[in-house]
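We did not get these values from a lab; they are worked out from the coordinates using the rules stated. Here the structure is a predicted model, which means the values were calculated and not measured. Cβ: placed from backbone, ideal geometry, glycine included. Neighbour counts: every protein chain shown.
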C-alpha cells in the first residue's frame with residue numbers, strides 16, 4: 001500500500017544564493033538541507049510533482065521528457081553557479097497521466113519535453129535531495145495569477161499524494177523585488193500581518209482554506225508582499241494548499257530574511 005506523500009511549500013531564496021553559501025541565506029540553506037527531511041521521507045517517494053514560480057504559462061504546462069537539462073534563469077552570479085548538475089529523471093508516463101487528470105478536471109494543460117528545470121527546481125532539490133534519485137515533473141504556474149484556478153489545480157493534483165508522489169511548491173511567501181532592493185525601511189518585519197494571515201489560512205481545514213486563499217489579495221499587506229501582476233512566487237503556495245487535503249497544514253519554517261521580510265513554509269501530511 002502506497003504511503004500518503006506530503007504536500008509542501010518551500011522558499012527557494014534569491015537565485016543560487018542558498019547553494020553559494022551566501023550568509024544572508026544561511027537559515028534557508030540549513031532548513032532545505034537539514035530540516036525538510038523531517039517532513040518528507042524521500043526514500044519512500046515514487047516521484048515529485050514540483051510547481052515552480054519561475055515558469056509562467058497561459059495554460060498549465062508539464063515537463064514531459066525522460067531527461068531535462070538545467071535552465072540557469074538568473075544572471076550576474078559567479079561562474080560556478082552555472083555549472084550545477086541535477087540528474088534526476090523525468091517521467092513521461094506520469095506527465096501524460098497528469099495531463100489527462102487535469103483535462104478531466106476541466107483544466108487546460110499541455111506537455112513540454114524541451115524546457116529545462118529552472119532554479120525554482122534545482123536550487124531547493126540540490127539541497128533537499130542531492131542524490132537526484134527521484135523522478136521529477138516540473139509544472140508551471142499561470143500568467144493570470146488567479147488564486148482560484150491555482151487552488152483548483154492543487155485539488156486536482158491531490159490524488160497523486162495517495163500514490164506516494166509528493167507535491168512541492170517552490171516560491172517565496174514574500175516577494176516584492178522593489179522592496180528587496182530599496183533599502184528604505186526601518187529594521188522591523190514589514191509583512192507580519194500578511195504572514196499571520198498565511199499561517200491562519202494554511203492551518204485551516206480545506207473549505208475554510210479555499211475561501212481564505214480566494215480572497216488573499218484583500219488581506220492586510222497582501223499587495224505589499226506580492227504586487228499586482230507580480231504574484232508568481234505566491235502561486236505555488238496556492239497550488240500546494242489546494243493539494244493539502246481536508247485537514248489543516250502546519251507551518252514548518254518561519255524566518256525573517258535580513259530581519260525584515262518574514263518567510264514561511266508549510267506542509268500537509270494528512271488526508
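Here are some notes:
- Exposure proxy shown here: for 43, 212, the number of other Cβ atoms within 10 Å sets the order, fewest to most, as 43, 212.
- Taking a ≥ b ≥ c as the square roots of the eigenvalues of the Cα gyration tensor, an a/c ratio of 1.5 or more together with a/b larger than b/c marks the stretch 147-271 as prolate.
- Among 86, 174, a tally of other beta-carbon atoms within 10 Å of each Cβ gives an order, fewest to most, of 86, 174.
- Each 5 Å bin from zero holds the following percent of Cα-Cα pairs in the stretch 7-268: 1, 6, 14, 19, 21, 18, 12, 6, 2, 0, 0.
- Computing FRET efficiency as 1/(1 + (r/R0)^6) for residue 271 and residue 186, where r is the C-beta to C-beta distance and R0 is 51 Å, gives about 0.70.
- Fully extended contour minus Cα-Cα distance, from residue 46 to residue 162, at 0.36 nm per residue: 40.7 nm
- Residue 93 paired with residue 254, simple spin-label distance in nm, labels 7 Å along Cα-to-beta-carbon: 4.3 nm
- Projected label distance in nm at residue 114 and residue 24, using a 7 Å step from Cα toward the beta-carbon: 3.5 nm
- DSSP-defined antiparallel bridges as percent of all bridges, the chain, nearest 5: 35 percent
- Three-way shape call for the stretch 221-271 based on the alpha-carbon gyration tensor, with the a/c threshold at 1.5: oblate
- Spatially, the stretch 194-234 and the stretch 8-75 are offset by 21 Å when compared through their Cα centroids.
- Potential extension, residue 223-residue 59 segment - 0.36 nm per residue separation minus Cα distance: 56.6 nm
- Cβ crowding within 10 Å, taken as a proxy for footprinting-reagent exposure, orders 70, 32 from fewest neighbours to most as 70, 32.
- Three-way shape call for the stretch 95-183 based on the alpha-carbon gyration tensor, with the a/c threshold at 1.5: oblate
- Summary value for the chain: 30 percent relative contact order, contacts being C-alpha pairs under 8 angstrom separated by 6+ residues.
- Helical runs (DSSP H, four residues minimum) scored at -39500 (n - 2.57) apiece and divided by the length of the chain put the mean residue ellipticity at 222 nm at -8500 deg cm²/dmol.
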